[in-house]
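Data block below; observations after.
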Amino acid sequence: MARYIGPSCRQCRREGMKLFLKGERCHSEKCAIERRNFPPGQHGKDRKPKIIGYGLQLREKQKVRRIYGMLEAQFRNLFEKAAHQKGITGENLLGSLERRLDNVIYRMGFGTSRPQARQIVRHGHIQVNGRKVNIPSFQVKKDDVIEVREGSKKNPTILSAKDATAHTPVPNWLEVDRETMRGRVTALPQRSELVQIQINEQQIVELYSK
């Protein structure tokens, strides 16, 4: 499947905020937002457009899509599924995004960023309920057990990520044993727990409802 392979920091600069796409770099002085907090491009520093209406909705959708590393078709399909579920569409969408396996690995602290967690999943280091799963978009369910495979527990990337995220809090809907590199989904993620980045999901709902 196609994926974005350009500079990650360019995406943060376009949205004007940290999207935490580069792991530890995002918390250092090297972060692009700290050094060049203006849109990318030749005239980015001089552009100060007033964004209203459709523009606000588009930027919100692009921001969330980039946070979770998804292309437009995949994101739109997830929205359509959320729209057909019971409950509030926007919250259903965010819940589905949080339950992606690559995001769960990131939330558990075995990846310093979602892109790194996605790579860990793709390389076959993760198993769910005892079976290897290498699909980043795999949707976990309540009571699923997610763990690093036995042969991957000494993987330098995973060990480095575990050390770097040692003091990062784990969401209430996950239960993690960092020593055994094992976790369990204890509940479905709630909207109030998505606090790392400010998201207005209603803007996305309105955009796709046009």
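The values are calculated or read from the model by the stated rules, or taken from the named source; none is laboratory data. These figures come from a predicted structure and were not determined experimentally. No Cβ is skipped: glycine too gets one built from the backbone with ideal geometry, and neighbour counts run over all protein chains shown.
A few comments on the model shown:
- Hey, Val104 in a helix (DSSP H, G or I), at pLDDT 95 or above and within 21 Å of Phe79 (Cβ to Cβ) or not: yes
- Among the criteria (1) outside any loop (DSSP other than H, G, I, E, B); (2) more than 17 Å from the chain's Cα centre (by Cα), the one Lys154 does not fulfil is (1).
- Hits in the range 140-151 (condition: surrounded by fewer than 16 Cβ atoms within 10 Å (Cβ to Cβ) and over 12 Å from Arg182 (Cα atoms)): Lys141, Lys142, Asp143, Gly151
- Every condition in (1) loosely packed, with under 13 Cβ neighbours inside 10 Å; (2) among the hydroxyl-bearing types (Ser, Thr, Tyr); (3) within 21 Å of Phe75 (Cβ to Cβ) holds for Ser192 except the one numbered (3).
- Failed item, numbered, when Glu29 is tested on (1) acidic (Asp, Glu); (2) in a helix (DSSP H, G or I); (3) modelled with pLDDT under 90: (2)
Residues are listed down the side, and each one gets a yes or a no for (1) touching a residue at least 40 places away in the same chain (Cβ under 8 Å); (2) charged (D, E, K, R); (3) part of a helix (DSSP H, G or I):
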| position | (1), (2), (3) |
| --- | --- |
| Gly55 | no, no, yes |
| Glu60 | yes, yes, yes |
| Phe79 | yes, no, yes |
| Gly87 | no, no, no |
| Thr112 | yes, no, no |
| Gln119 | no, no, yes |
| Gln127 | no, no, no |
| Lys141 | yes, yes, no |
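- Some residue of the range 161-175 being outside any loop (DSSP other than H, G, I, E, B), without any contact (Cβ under 8 Å) to a residue 24 or more places away in the chain, touching a Ser or Thr at 6+ places or on another chain (Cβ under 9 Å) and surrounded by 12 or more Cβ atoms within 10 Å (Cβ to Cβ): yes
Quick grid of which residues meet (1) buried (at least 21 other Cβ atoms within 10 Å of the Cβ); (2) within 16 Å of Tyr208 (Cα to Cα); (3) assigned by TED's automatic domain parsing to the domain that holds Ile120:
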position: Lys63; (1), (2), (3): yes, yes, no
position: Arg66; (1), (2), (3): no, no, no
position: Gly69; (1), (2), (3): yes, no, no
position: Ala73; (1), (2), (3): no, yes, no
position: Leu78; (1), (2), (3): no, yes, no
position: Ile88; (1), (2), (3): no, yes, no
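- Given (1) out of contact with any Gly (no Cβ under 7 Å at 6 or more places or on another chain); (2) surrounded by 14 or more Cβ atoms within 10 Å (Cβ to Cβ), index of the condition Lys154 fails: (2)
- Qualifying residue in the range 179-197 (condition: modelled with pLDDT of 95 or more and within 25 Å of Arg65 (Cα to Cα)): yes
- So Arg149, is it in contact with a His (Cβ under 9 Å, 6 or more places away or on another chain) and either among the basic types (Lys, Arg) or under 30 Å from Gly55 (Cβ atoms) (or both): yes
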